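The values are calculated or read from the model by the stated rules, or taken from the named source; none is laboratory data. Remember, it's a predicted structure, so these values are computed and weren't measured experimentally. Note that each Cβ is placed from the backbone with ideal geometry, even for glycine, and that neighbours are counted across all protein chains shown.
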Amino acid sequence: MMRNISLAITGVLIIMLTACSSDEGPMGENGAKDDFDREAMLVNWADNIILPRYENYNQKVGILSRAVGIFSKEISQAHLESLRMAWLEAYMAWQPVASFEIGKAEELRLRNFTNVYPADVENIEENITEGTYNLSLSSKFDEQGFPALDYLLFGLADSDERLLAKFSEEDSDNGYTRYLVDITARLQSLTQQVLDDWKGGYRDVFIGNNGTSGTSSVNKIANDFLFYYEKALRANKVGIPAGQFSSGPRSEFAEAFYNGATSKALLLASLDAVQSFFNGEHHGGTGFGPGFGSYLDVLSTSKDGEQLSKRINDQFDRARSEADLLNPDLATQVGEDNTKMLKTFDELQKNVVLMKVDMFQALNIRVDFVDADGD
Amino acid sequence: MTTVRNCSLLIAFSCLSFFACDSDDTIAIDPVITPEIETPAQYTFERNGASTVSFSGQTTRIKMASELIDLMKDFDAMNKGNLLEFFRNDQQAPEDMYPYSDESLNTSTKSVKSKVAASQDFFSANSVESAEIKDQFEAWIVAQVDEVKPQEDIAAIAGTAGQIADGTSTRYVTGKGLEPNQLVNKGLIGALMVDQMLNNYLSTAVLDDAASGDGTNREKNDAGTVEEGKNYTAMEHKWDEAYGYLYGTSEDLSKPNATIGKDDDFLNKYMGRVEGDADFTGIAERVFNAFKLGRAAIVAKDYAVRDEQATIIRKAVSEIIAIRAVYYLQQAKASLTMETPDYGAAFHGLSEGYGFIYSLRFTRKSDSNAPYFVASEVDDLLKQLMEDGDNGLWDVKEATLDVISNAIADKFDFTVAQAGSTN
């Protein structure tokens, strides 16, 4: 008896929910498909944004890899400088591809093997001392990638002289040099595999998956995009160092902690990449194509009498204005005036709501991730 | 936004009709008992100007269990000796070879193990099953050392223990995909907290009948006779001990809901989780109110009101176990049906789910001396979960997760959909 009632009620609820959401959803009031060409958006994403961004990132990792090669053959201050520069450029180029955890990137867990921070310095040192490590294990996420390079290139010692000395000891098989070479090679191999996959047929699979199911490309990318914005950008880059998820600020959780002068630039690069993806802007700013913003406009989505796409763009701008006021090193900012970090967090948070609730509802996309238990 | 609003209103209406249906079953023609006892604002009770509330033993056991769970995640520090000692605590300072990190626990003679599957109602005449359950926990503990730890730096594959990625975390599983630490953690919620609370301290056999010294608890409570050297009656204390298994580590012990879900990794945590699901919001207040009113009823010697509150607590706490079991099964189903199945996330969820299913045998129906699922039924559910193929969770089918979810939800007043997400 109880079960039948529950079933009936669930049925009623589902009908009601569907009825409600279809008012604004892409299915339209009569259940007809909306006019927006999802496939054209996928083509724009793949050809004008995702692939060129990966090409760019892969190229920068190639330069980094060569700089490591040169440095490992001849340890010098000049080579260290070039290597650090190459690391920074590659790290900046990483930000715009970090959200596309789909296809090969998802399979390889590209984001986790590339940029989980803070680096586990104790384990890195242990790896170097022991000389044996399996970098493909998930327990080694935070012992490789850009954060581990950050530690090796900036955090090994309190002066460049002493840092260079670490790489110079026992010339024949220096543990630090070997680790530097190994983790860079892995970074290179991962990005190469992802790029090759996109070029070798995945692009067509991606575009062909143009439906509206939970596993369609649009729905997946939308979820990847939102997850990235909420966790990797809002929480990891700003919220966690600012202590938003702990009992107090934790400056050592800032990105590029050992470099100590670029975490703001990385944050802004990430924010710019997110906003331009929202607007379907081509890599390099060469033009615009269909994206979430124009999709919302076709559906005439508004909020409080204002275009939702404009609301979201304005909110990105407000978050950027707050972020612009931060110290180039967010760890320093946390120590000096954490309120500015919290203000940036608040502005970023407002777009979580606009996108996760309003945008997803308008596009009739279900959020496919939940907050992890934390245990 | 208005659309969303309307939706919530509609849902609210369907909730109303839901309750309407509900009351059909239990036709409300009983004369309404208006308790003359007021529900106190907080869990504070005094006699002669001093507190009568005491549940330090429960706090101690929760802390011991927490240390056990932490140690099970620390491969460098663990061995069979210290893990089993944290479970059994049969050594005390200063001869204790494996002391807890919390100093206060080391002089204690209490232990987690002694209260596992040890309730009056379910196990006092069922020592065989009680011993089996205690052995099961030790087997899980040993598996962490013997099966999982040696494979720490090896990637898990079907049939082989090792590590597996779950988001940015790494999980360590047996060859069948189970995390022994999760089995112990979630299993203890049932075998320790829920069993002690629902089947021991809220039992009339314990509250009323137990005799110590000069009469039964009820006689002494009626006479206002306190225990020797204490400021509470035996019955008051029993009720407090039930309270302690849920709230014993709260920041504010007399107003625990302010931090509900954040105080431990056991029942408190999952009360918080269920409270956080819009489908069940209100459960935390309902349970806390029942604890307060029941305790006030003991002071007022009104045992009918007391037992009504015990009924409310039994129902709600049993629901927490069932809701979380279904939640983890459904979340894991979503992880497994992704384009690239996320085995790590799924196994983690299913290990938690396994522990909650195991805990179902310690739940308590409001109207009888029985759990919602007896041991053989629980064993059957777990068998279904683990036996879709030779490699346990590696082979589990989506349909199986739904069958188990439905089997659990069918015995309660919630749906799989309500429990399956935290919306």
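Taking the range B:211-226 as the range and being crowded, with 17+ Cβ neighbours inside 10 Å and part of a loop (DSSP other than H, G, I, E, B) as the test, only B:226 passes. The criterion of at least 3 residues that are within 16 Å of residue A:70 (Cα to Cα) is met, among helices (runs of 4 or more DSSP H) falling completely within the range A:151-209, by A:160-168, A:175-197.
Residues of the range B:318-340 that are of a type in the set (S, T, N, Q) and within 11 Å of chain A (Cβ to nearest Cβ): B:330, B:331, B:335, B:337, B:340.
Could you please give the count of residues in the range B:145-184 that are part of a loop (DSSP other than H, G, I, E, B), within 25 Å of the chain's Cα centre (by Cα) and within 13 Å of chain A (Cβ to nearest Cβ)?
The number of residues fulfilling the criteria is 1.
Could you tell me whether residue A:141 is crowded, with 19+ Cβ neighbours inside 10 Å, within 14 Å of chain B (Cβ to nearest Cβ) and either out of contact with any Lys or Arg (no Cβ under 7 Å at 6 or more places or on another chain) or assigned to a helix (DSSP H, G or I) (or both)? Against the criterion (crowded, with 19+ Cβ neighbours inside 10 Å, within 14 Å of chain B (Cβ to nearest Cβ) and either out of contact with any Lys or Arg (no Cβ under 7 Å at 6 or more places or on another chain) or assigned to a helix (DSSP H, G or I) (or both)), residue A:141 qualifies. Highlighted here are the helices (runs of 4 or more DSSP H) found entirely within the range B:1-120 that include at least 3 residues which are in contact with a helix residue (DSSP H, G or I) (Cβ under 6 Å, 6 or more places away or on another chain), within 14 Å of chain A (Cβ to nearest Cβ) and modelled with pLDDT under 95: B:2-25.
Of all the criteria given as (1) in a helix (DSSP H, G or I); (2) closer than 30 Å to residue A:162 by Cα; (3) touching a residue at least 12 places away in the same chain (Cβ under 8 Å); (4) away from chain B (no Cβ under 14 Å), the one not satisfied by residue A:113 is (4).
Only one entry of B:165, B:205 meets the criterion of being in contact with a helix residue (DSSP H, G or I) (Cβ under 7 Å, 6 or more places away or on another chain), at negative phi and surrounded by fewer than 17 Cβ atoms within 10 Å (Cβ to Cβ), and that entry is B:205.
With A:101, A:55, A:89 as the choices, which residue is under 18 Å from residue A:187 (Cα atoms), within 14 Å of chain B (Cβ to nearest Cβ) and either buried (at least 21 other Cβ atoms within 10 Å of the Cβ) or not β-branched (Val, Ile, Thr) (or both)? Within the list A:101, A:55, A:89, the selection yields A:101. Answer with yes or no whether residue A:120 is away from chain B (no Cβ under 11 Å), over 20 Å from residue A:194 (Cα atoms) and either touching a Cys at 6+ places or on another chain (Cβ under 8 Å) or not β-branched (Val, Ile, Thr) (or both). Answer is yes for this residue.
Looking at A:67, A:93, A:78, just one residue is without any contact (Cβ under 8 Å) to a residue 60 or more places away in the chain, small (Gly, Ala, Ser) and closer than 23 Å to residue A:200 by Cα, and that residue is A:93.
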